[in-house]
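The values are calculated or read from the model by the stated rules, or taken from the named source; none is laboratory data. This one's a predicted model, so the numbers in the text were calculated from it and none came from an experiment. Cβ atoms come from the backbone with ideal geometry, glycine included; neighbour counts cover every protein chain shown. Protein only, heavy atoms only, side chains kept; ligands, DNA and RNA dropped before computing areas. Shrake-Rupley method; radii C 1.70, N 1.55, O 1.52, S 1.80 Å.
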Amino acid sequence: MTGAVFSYALLAALATALLVAAFTDLRARHIDNWLNLGIAVAAPLWWLAMGLGPFDIGVQIGLAAATFAVACVLFAIGQMGGGDVKLLTALALWFSPAAFLQLVVLMAVLGGGASLAMAAFNMQPGRKEMVRDALAGLVAFAWVWCAGAIVFAVATHRPVVEPATMEAVAGVLPGLWAIPLAAIVVLGLFLFGMRHIMRRQKSRIEVPYGIAIAAASLWVMGSQTLSAAHSAGIAG
(Lines give C-alpha, C1' and ligand atoms only; values in the text may rest on other atoms or scores of the structure.)
Protein backbone atom coordinates (compact mmCIF):
# COMPACT_ATOMS: atom_id res chain seq x y z
CA MET A 1 0.00 0.00 0.00
CA THR A 2 1.49 3.33 -1.06
CA GLY A 3 1.85 6.19 1.40
CA ALA A 4 -0.92 8.24 -0.26
CA VAL A 5 -3.39 5.34 -0.27
CA PHE A 6 -2.51 4.52 3.35
CA SER A 7 -3.08 8.12 4.48
CA TYR A 8 -6.41 8.35 2.66
CA ALA A 9 -7.49 5.05 4.21
CA LEU A 10 -6.70 6.42 7.67
CA LEU A 11 -8.66 9.61 6.94
CA ALA A 12 -11.62 7.54 5.75
CA ALA A 13 -11.47 5.49 8.95
CA LEU A 14 -11.33 8.66 11.07
CA ALA A 15 -14.24 10.19 9.16
CA THR A 16 -16.28 7.02 9.75
CA ALA A 17 -15.46 7.11 13.47
CA LEU A 18 -16.54 10.76 13.66
CA LEU A 19 -19.85 10.02 11.96
CA VAL A 20 -20.46 7.19 14.44
CA ALA A 21 -19.59 9.51 17.33
CA ALA A 22 -22.01 12.18 16.06
CA PHE A 23 -24.80 9.63 15.61
CA THR A 24 -24.41 8.07 19.06
CA ASP A 25 -24.15 11.50 20.71
CA LEU A 26 -27.34 12.63 18.98
CA ARG A 27 -29.21 9.43 19.81
CA ALA A 28 -28.05 8.78 23.37
CA ARG A 29 -25.94 11.81 24.41
CA HIS A 30 -23.04 9.38 24.76
CA ILE A 31 -19.79 8.65 22.91
CA ASP A 32 -18.37 5.19 23.54
CA ASN A 33 -14.95 4.91 25.17
CA TRP A 34 -13.88 2.27 22.68
CA LEU A 35 -14.45 4.71 19.84
CA ASN A 36 -12.38 7.48 21.44
CA LEU A 37 -9.67 4.97 22.34
CA GLY A 38 -9.60 3.67 18.77
CA ILE A 39 -9.09 7.20 17.41
CA ALA A 40 -6.26 7.82 19.87
CA VAL A 41 -4.55 4.45 19.25
CA ALA A 42 -4.68 4.94 15.46
CA ALA A 43 -2.94 8.33 15.68
CA PRO A 44 0.62 6.85 15.56
CA LEU A 45 -0.29 5.27 12.22
CA TRP A 46 -1.19 8.74 10.98
CA TRP A 47 2.15 10.08 12.26
CA LEU A 48 3.89 7.30 10.33
CA ALA A 49 1.94 8.08 7.16
CA MET A 50 2.78 11.79 7.47
CA GLY A 51 6.46 11.09 8.22
CA LEU A 52 6.47 12.99 11.51
CA GLY A 53 9.73 13.14 13.42
CA PRO A 54 10.27 12.93 17.20
CA PHE A 55 9.82 16.68 17.67
CA ASP A 56 6.56 16.81 15.71
CA ILE A 57 5.23 13.77 17.58
CA GLY A 58 6.09 15.50 20.86
CA VAL A 59 4.13 18.55 19.69
CA GLN A 60 1.07 16.39 18.98
CA ILE A 61 1.29 14.71 22.40
CA GLY A 62 1.72 18.08 24.10
CA LEU A 63 -1.26 19.49 22.19
CA ALA A 64 -3.37 16.53 23.32
CA ALA A 65 -2.25 16.98 26.95
CA ALA A 66 -3.09 20.70 26.88
CA THR A 67 -6.45 19.96 25.26
CA PHE A 68 -7.25 17.38 27.93
CA ALA A 69 -6.38 19.83 30.73
CA VAL A 70 -8.56 22.63 29.33
CA ALA A 71 -11.41 20.26 28.46
CA CYS A 72 -11.35 18.82 31.97
CA VAL A 73 -11.93 22.32 33.35
CA LEU A 74 -14.92 22.70 31.00
CA PHE A 75 -16.17 19.30 32.15
CA ALA A 76 -15.82 20.32 35.81
CA ILE A 77 -18.00 23.40 35.29
CA GLY A 78 -20.57 21.43 33.33
CA GLN A 79 -19.83 22.89 29.89
CA MET A 80 -18.65 19.68 28.23
CA GLY A 81 -19.40 15.98 28.61
CA GLY A 82 -16.86 13.32 29.44
CA GLY A 83 -17.15 11.71 26.00
CA ASP A 84 -16.61 15.10 24.36
CA VAL A 85 -13.43 15.61 26.43
CA LYS A 86 -12.03 12.25 25.33
CA LEU A 87 -13.00 12.75 21.68
CA LEU A 88 -11.43 16.20 21.48
CA THR A 89 -8.26 14.97 23.18
CA ALA A 90 -7.96 12.02 20.79
CA LEU A 91 -8.44 14.33 17.80
CA ALA A 92 -5.64 16.59 19.03
CA LEU A 93 -3.28 13.72 18.22
CA TRP A 94 -4.30 13.89 14.55
CA PHE A 95 -4.37 17.58 13.68
CA SER A 96 -1.50 20.05 13.52
CA PRO A 97 -1.75 22.94 16.01
CA ALA A 98 -2.94 25.36 13.30
CA ALA A 99 -5.55 22.95 11.97
CA PHE A 100 -6.66 22.04 15.49
CA LEU A 101 -7.14 25.72 16.33
CA GLN A 102 -9.40 26.03 13.30
CA LEU A 103 -11.26 22.93 14.47
CA VAL A 104 -11.78 24.39 17.96
CA VAL A 105 -13.04 27.71 16.57
CA LEU A 106 -15.55 25.98 14.30
CA MET A 107 -16.57 23.66 17.14
CA ALA A 108 -17.17 26.61 19.46
CA VAL A 109 -19.19 28.47 16.83
CA LEU A 110 -21.34 25.47 15.92
CA GLY A 111 -21.72 24.25 19.49
CA GLY A 112 -22.46 27.73 20.84
CA GLY A 113 -25.10 28.37 18.20
CA ALA A 114 -26.76 25.01 18.83
CA SER A 115 -26.66 25.51 22.61
CA LEU A 116 -28.29 28.93 22.48
CA ALA A 117 -30.92 27.81 19.98
CA MET A 118 -31.87 24.83 22.17
CA ALA A 119 -31.96 27.05 25.26
CA ALA A 120 -34.23 29.54 23.51
CA PHE A 121 -36.71 26.78 22.60
CA ASN A 122 -36.49 25.47 26.18
CA MET A 123 -37.68 28.73 27.74
CA GLN A 124 -40.73 28.76 30.03
CA PRO A 125 -43.31 31.09 28.42
CA GLY A 126 -44.69 33.95 30.49
CA ARG A 127 -47.34 36.53 29.60
CA LYS A 128 -45.86 39.22 31.81
CA GLU A 129 -42.46 39.13 30.15
CA MET A 130 -43.34 39.14 26.46
CA VAL A 131 -40.97 42.01 25.67
CA ARG A 132 -38.07 40.30 27.43
CA ASP A 133 -38.93 37.01 25.75
CA ALA A 134 -38.94 38.73 22.37
CA LEU A 135 -35.56 40.34 23.08
CA ALA A 136 -34.15 37.00 24.20
CA GLY A 137 -35.43 35.36 21.02
CA LEU A 138 -33.84 38.13 18.96
CA VAL A 139 -30.53 37.59 20.75
CA ALA A 140 -30.68 33.85 20.09
CA PHE A 141 -31.51 34.43 16.42
CA ALA A 142 -28.67 36.96 16.05
CA TRP A 143 -26.19 34.55 17.65
CA VAL A 144 -27.24 31.66 15.41
CA TRP A 145 -27.15 33.94 12.36
CA CYS A 146 -23.63 35.11 13.24
CA ALA A 147 -22.54 31.51 13.76
CA GLY A 148 -23.89 30.62 10.33
CA ALA A 149 -22.15 33.64 8.79
CA ILE A 150 -18.81 32.63 10.30
CA VAL A 151 -19.15 29.04 9.08
CA PHE A 152 -20.12 30.29 5.60
CA ALA A 153 -17.15 32.67 5.57
CA VAL A 154 -14.78 29.85 6.50
CA ALA A 155 -16.35 27.59 3.86
CA THR A 156 -16.03 30.13 1.07
CA HIS A 157 -12.75 31.70 2.27
CA ARG A 158 -14.36 35.11 2.41
CA PRO A 159 -14.43 37.74 5.18
CA VAL A 160 -17.29 37.51 7.68
CA VAL A 161 -18.20 41.12 6.87
CA GLU A 162 -17.36 42.56 3.45
CA PRO A 163 -15.22 45.73 3.48
CA ALA A 164 -17.94 47.56 1.53
CA THR A 165 -20.43 46.76 4.27
CA MET A 166 -18.08 48.03 6.95
CA GLU A 167 -17.57 51.26 5.00
CA ALA A 168 -21.33 51.71 4.61
CA VAL A 169 -21.89 51.22 8.35
CA ALA A 170 -19.05 53.62 9.17
CA GLY A 171 -20.62 56.20 6.85
CA VAL A 172 -23.94 56.04 8.72
CA LEU A 173 -22.36 56.50 12.17
CA PRO A 174 -21.93 60.12 13.27
CA GLY A 175 -18.30 59.61 14.32
CA LEU A 176 -15.67 57.22 15.60
CA TRP A 177 -16.97 57.65 19.15
CA ALA A 178 -20.19 55.93 18.07
CA ILE A 179 -18.41 52.65 17.33
CA PRO A 180 -17.47 51.75 20.95
CA LEU A 181 -20.83 53.11 22.12
CA ALA A 182 -22.70 50.87 19.68
CA ALA A 183 -20.53 47.91 20.73
CA ILE A 184 -21.37 48.52 24.40
CA VAL A 185 -25.10 48.73 23.62
CA VAL A 186 -25.02 45.52 21.56
CA LEU A 187 -23.02 43.71 24.26
CA GLY A 188 -25.44 44.90 26.94
CA LEU A 189 -28.46 43.67 24.98
CA PHE A 190 -26.74 40.36 24.34
CA LEU A 191 -25.87 39.80 28.02
CA PHE A 192 -29.39 40.78 29.07
CA GLY A 193 -30.93 38.37 26.56
CA MET A 194 -28.58 35.56 27.58
CA ARG A 195 -29.36 36.06 31.26
CA HIS A 196 -33.08 36.03 30.55
CA ILE A 197 -32.81 32.83 28.50
CA MET A 198 -30.88 31.06 31.23
CA ARG A 199 -33.26 32.30 33.95
CA ARG A 200 -36.36 31.02 32.16
CA GLN A 201 -35.22 27.47 31.39
CA LYS A 202 -37.93 24.85 31.90
CA SER A 203 -35.42 22.06 32.45
CA ARG A 204 -31.74 21.27 32.12
CA ILE A 205 -30.78 20.63 28.52
CA GLU A 206 -28.01 18.36 27.31
CA VAL A 207 -26.35 19.72 24.20
CA PRO A 208 -24.89 17.01 21.91
CA TYR A 209 -21.54 18.77 21.64
CA GLY A 210 -20.02 15.71 20.02
CA ILE A 211 -21.90 16.61 16.85
CA ALA A 212 -20.19 20.02 16.74
CA ILE A 213 -16.79 18.39 17.33
CA ALA A 214 -17.39 15.82 14.60
CA ALA A 215 -18.73 18.39 12.12
CA ALA A 216 -15.80 20.76 12.71
CA SER A 217 -13.29 17.90 12.39
CA LEU A 218 -14.83 16.65 9.16
CA TRP A 219 -14.84 20.15 7.74
CA VAL A 220 -11.16 20.76 8.53
CA MET A 221 -10.24 17.31 7.21
CA GLY A 222 -12.14 17.90 3.98
CA SER A 223 -10.65 21.34 3.50
CA GLN A 224 -7.11 20.07 4.04
CA THR A 225 -7.62 17.05 1.77
CA LEU A 226 -8.99 19.20 -1.07
CA SER A 227 -6.17 21.70 -0.63
CA ALA A 228 -3.55 18.93 -0.72
CA ALA A 229 -5.14 17.35 -3.79
CA HIS A 230 -5.22 20.74 -5.52
CA SER A 231 -1.56 21.39 -4.70
CA ALA A 232 -0.60 17.92 -5.97
CA GLY A 233 -2.51 18.58 -9.19
CA ILE A 234 -0.68 21.85 -9.76
CA ALA A 235 2.68 20.25 -9.01
CA GLY A 236 1.89 17.40 -11.37
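Put LEU74, LEU35, LEU181 in order of accessible area, largest first, 1.4 Å probe: what do you get? Display every interim value, and only then the final one.
Details: LEU74 60, LEU35 15, LEU181 90 Å².
So the residues, ranked largest to smallest area, are LEU181, LEU74, LEU35.
Under the rule of at least 5 residues apart or a separate chain, name every residue whose amide H is placed under 5 Å from the amide H of MET80.
Close amide H contacts, sequence-distant or interchain: PHE75.
How much accessible area per residue does the range 65-159 have, in Å², with a 1.4 Å probe? Spell out each step's value before the answer.
Details: 5210 Å² over 95 residues.
Counting only protein heavy atoms, the per-residue value for the range 65-159 is 55 Å².
Using modelled amide H (1.01 Å from N, peptide plane; none on Pro or chain starts), what sits under 5 Å from the amide H of GLN201, excluding residues fewer than 5 places away?
Under 5 Å from the amide H of GLN201: GLN124.
May I ask you to evaluate 6.51 cos²θ - 1.76 cosθ + 1.60, the Karplus curve with θ = phi - 60°, for each residue of the range 85-98 and list the ³J(HN,Hα) values in order in whole Hz, giving x for glycine and proline?
Per-residue couplings from phi come out as 4, 5, 5, 5, 5, 5, 5, 4, 6, 9, 9, 5, x, 5 Hz.
If you take the charge dipole of the range 9-130 about its Cα centre, with +1 on Lys and Arg Cβ and -1 on Asp and Glu Cβ, which of ALA40, LEU18, MET130 is farthest toward its positive end?
With unit charges placed on the Cβ atoms, the residue in question is MET130.
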